[in-house]
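The values are calculated or read from the model by the stated rules, or taken from the named source; none is laboratory data. For clarity, every value in this text was computed on a predicted model and none was experimentally measured. Don't worry about glycine lacking a Cβ; one is built from the backbone with ideal geometry, like all the others, and counts go over all protein chains shown.
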Amino acid sequence: MSNPVETPIIQVRGLKKSITNAAHTVDILRGVDFNVPRGQFIAIMGPSGSGKSTLLGLLAGLDSASDGSILLDGEEITRLAEDQLAVVRGRKIGFVFQSYQLIPTLTAIENVLLPHELTGEGDGMPRALQLITEVGLGDRRDHYPVQLSGGEQQRVALARAFMAKPPVLMADEPTGNLDSANGQHVLELLLSLNRKEGTTLVLVTHDAELAHHADRVLHMKDGVIVGDEQRG
């Protein structure tokens, strides 16, 4: 007897996003459809203005769609109220921003702990210490973001994204603000942590080297997917 096909962790159908300014409407996404199997590493590429960062924001529940649907781990998120979306994000999504988005008044370890403080139970410190050590910053855990380099801040952001053991990790140009050496280091840490944690990884990037490591690359242009390259 054949095994049942596992439901994709992300299912996108007819996704559209438009913005109306004064007398005209700008169509950012013009009908996007795809599935992401559980555990897949998918990179989304395309020129500036192609809609890739907008798509990622919609997948993460950070923005609202004009039409279409997104099922995240079997849950329809496009019709949820903001408080319900916040719960879903806390339980199911880790997010790494290009600009780090650390809280300046919290130390590195406190930033890593933040997702647990918001949604977790019990003592999160052992896992936070494990993660901050794995990204090579155990000796700088009590430093504030202003005391850390850009590469170090992004490593803290990586540890924070994995803190709540999310089934899906999303990253928007995670190496975009870093020089090549720091970018390579962050990439290696991201891939290492992702393999260890077994998450589904969806990232937006202009970096061909980063996309080279993906199982699959979606190419976007003018608000639609124009290519779906399977590599794994």
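Any idea which of Gly46, Gly51 is within 15 Å of Gly223 (Cα to Cα), surrounded by 22 or more Cβ atoms within 10 Å (Cβ to Cβ) and touching a helix residue (DSSP H, G or I) at 6+ places or on another chain (Cβ under 7 Å)?
The match here is Gly46.
Applying the criterion of being free of Cβ contacts under 8 Å to residues at least 60 places away in the same chain and in contact with a Pro (Cβ under 7 Å, 6 or more places away or on another chain) to the residues of the stretch 87-138, the residue that is surrounded by the fewest Cβ atoms within 10 Å (Cβ to Cβ) is Pro104. Of the residues in the stretch 136-157, at least one is closer than 12 Å to Leu102 by Cα, part of a helix (DSSP H, G or I) and touching a Lys or Arg at 6+ places or on another chain (Cβ under 7 Å).
In the stretch 41-132, counting only helices (runs of 4 or more DSSP H) that sit wholly within it, the ones holding 2 or more residues that are at pLDDT 95 or above and closer than 18 Å to Gln11 by Cα span 52-59.
Looking only at residues that are in a loop (DSSP other than H, G, I, E, B) and polar (S, T, N, Q) in the stretch 167-201, which one is nearest to the chain's Cα centre (by Cα)?
Residues of the stretch 167-201 in a loop (DSSP other than H, G, I, E, B): 167, 173-179, 198-199.
Right, trim to polar (S, T, N, Q) and you get 175, 177, 199.
Details: Thr175: 13, Asn177: 16, Thr199: 11 Å.
Per the criteria, the residue is Thr199.
Would you be able to say whether some residue in the stretch 159-166 is surrounded by fewer than 23 Cβ atoms within 10 Å (Cβ to Cβ), under 11 Å from the mean Cα position of the chain (by Cα) and closer than 17 Å to Pro115 by Cα? Yes, some residue in the stretch 159-166 is surrounded by fewer than 23 Cβ atoms within 10 Å (Cβ to Cβ), under 11 Å from the mean Cα position of the chain (by Cα) and closer than 17 Å to Pro115 by Cα.
The residue of the stretch 208-232 that is modelled with the lowest pLDDT, among those that are of a type outside the set (Gly, Ala, Ser) and in contact with an Asp or Glu (Cβ under 8 Å, 6 or more places away or on another chain), is Arg231. Of Glu134, Glu110, Glu121, all but one fail to be more than 21 Å from Ile28 (Cβ to Cβ) and touching a Ser or Thr at 6+ places or on another chain (Cβ under 9 Å); the exception is Glu134. Among the residues making up the stretch 19-39, a single one is at pLDDT 95 or above and polar (S, T, N, Q): Asn35.
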